1. Tell me the Kirkwood hydrodynamic radius of segment 75-146 in angstroms, computed as one over the mean inverse distance between distinct C-alpha pairs.
2. Only Lys, Arg, Asp and Glu count, each charged at its Cβ (+1, +1, -1, -1), so figure out the dipole size of segment 85-141 about its Cα centre, rounded to 20 debye.
3. Given the peptides 113-120, 99-106, arrange them by the average over their residues of other C-beta atoms within 10 Å, most packed first.
4. Can you tell me, using C-alpha contacts under 8 Å and at least 6 residues apart, the relative contact order of segment 92-134 as a whole percent?
5. Would you mind checking which residues have amide H under 5 Å from Thr133's amide H? H placed 1.01 Å from N; only 5 or more apart, or other chain.
6. Evaluate segment 28-113: find the radius of gyration of its Cα atoms, find its Kirkwood radius, and give the ratio Rg to Rh.
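None of the figures in this text is laboratory data; all of them are computed from the coordinates on show. What you see is a predicted model, and the numbers here were worked out from it, not measured in a lab. Heads up, the Cβs are rebuilt from the backbone with ideal geometry, glycines too, and the neighbour counts pull from every protein chain shown.
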Amino acid sequence: MKKMIMLFSLLLAFSCEDIDDAEGTNSLVGNWEMSNLGEYANADCSGTIDYSGWAMASAFGMKVTMEFTSDGTGTYSVSALGETEDVPLTWDESKSQICLMGVECHTYKVNDNKFTIDTLDEALCVDDNDEETSHTDQSSCEAAGNNWEEAVCTQMEFTKE
């Protein structure tokens with residue numbers, strides 16, 4: 001009888017390990033909350049990261065979350081000033097990629113219960129209404145009386161809830 005109980009215990013232990021391994025293949029499945037947001041010193045996503053903007057935004061109650069389901073879909077939510085906006089997302093663990101609204105895709109890196117995404121915003125020219133213009137360089141942009149916005153790389157860090 002003791003051998004049967006021991007055998008059953010071993011089988012149960014191994015079957016639980018298999019379940020854990022299967023869940024491990026979907027490392028993003030679940031709910032994640034933004035824990036930091038910062039701008040790199042350099043537009044090529046290098047150098048130190050300035051997190052002061054996130055400190056200010058979170059002090060005023062801004063909350064950003066991502067929910068990932070096992071079928072490769074999910075939701076990106078931003079809450080601030082009593083308003084919430086949800087954006088659908090897809091994700092592909094084999095490519096380490098998250099796509100917002102099916103078009104804006106970013107590579108992510110997972111480290112234990114955190115993941116990060118670096119996003120690069122190209123330099124652009126905007127008019128007084130903050131609308132992008134057709135100017136492709138700083139001198140022609142400013143000569144037309146518009147504002148040139150430098151390229152910037154931002155890092156978002158999420159922690160599993």
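1. 15.3
2. Charge dipole of segment 85-141: 500 debye, to the nearest 20.
3. In decreasing order of mean packing, 113-120, 99-106 become 113-120, 99-106.
4. 20 percent.
5. Distant-sequence amide H within range of Thr133: Cys125, Val126, Asp127.
6. Rg/Rh: 0.98.
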